[in-house]
1. So which trypsin sites (Lys or Arg not before Pro) in the chain pass both tests, a DSSP loop state and at most 16 other Cβ atoms within 10 Å of the Cβ?
2. Charges on Cβ only, +1 for Lys and Arg, -1 for Asp and Glu, centred on the Cα centroid of the chain; of Ala44, Thr19, Trp66, which one is farthest towards the dipole's positive end?
3. For Asn49, put the label point 7 Å out on the Cα→Cβ axis and report which residues of the range 6-24 keep their amide N under 17 Å from it.
4. Taking only C-alpha pairs under 8 Å that are 6+ residues apart, what is the relative contact order of the chain in percent?
5. What are the residues whose amide H is under 5 Å from the amide H of Cys36, where those residues sit 5 or more places off or on another chain and H is modelled from the backbone?
6. Binned at 10 Å from 0, what are the whole-percent values of the Cα-Cα distance distribution for the chain, short to long?
7. With the calculation restricted to Cα positions, what are the radius of gyration and Dmax of the range 30-70 in angstrom?
8. Return the loop-located GluC sites (Glu not before Pro) in the chain (DSSP other than H, G, I, E, B) with at most 10 other Cβ atoms within 10 Å of their own Cβ; answer none if there are none.
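No value in this document is a laboratory result; all are computed from the given coordinates. What you see is a predicted model; the values in this text were computed from it and never measured. Quick reminder, even Gly has a Cβ in these numbers, built from the backbone with ideal geometry, and neighbours come from all protein chains shown.
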Amino acid sequence: MARLVKKEFKGPLEIKIGTKSIWICMCGLSINQPFCDDSHEKTADEEDNKTYAYEKEGDRTEVKNWEVAY
Ligand code: FES
C-alpha cells in the first residue's frame, strides 16, 4: 500500500519546552517521525511551483499532472 501526502514546508517546527527545543518534521521526509532528522535538506533545491515524489531510499522525481480524484 502507498499513500501520497503533499507537504510544502522545507524545514522543521521548533517547539520550546522550558529551555529545550524539540524540532518537529514538517517536510514529511524524516524517518524519525515526528522529529526532524535533517532529511529536509533534500528539499533545498526544489523549485517553486513544482511537485516532487521521494522514494524511501531518497531518490526524487518530479511529479507532473498532480491530480486528486474525488
Ligand atoms: S523538517 Fe522534515 S526532516 Fe527536518
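1. Within the chain, the qualifying trypsin sites (Lys or Arg not before Pro) (loop, at most 16 other Cβ atoms within 10 Å) are Arg3, Lys6, Lys7, Lys10, Lys50, Lys56, Lys64.
2. Of the listed residues, the answer is Thr19.
3. none
4. Numbers: 77 pairs, mean separation 13.3, N = 70.
Rounded, it is 19 percent for the chain.
5. Residues meeting the amide H criterion: Trp23, Ile24, Cys25.
6. In whole percents, the pair-distance histogram is 17, 48, 26, 8, 1.
7. When restricted to the Cα atoms of the range 30-70, Rg and Dmax are 12.2, 34 Å.
8. Details: sites: Glu8, Glu14, Glu41, Glu46, Glu47, Glu55, Glu57, Glu62, Glu67; in loops: Glu8, Glu46, Glu47, Glu55, Glu57, Glu67.
Passing both the DSSP loop test and the Cβ count: Glu47, Glu55, Glu57, Glu67.
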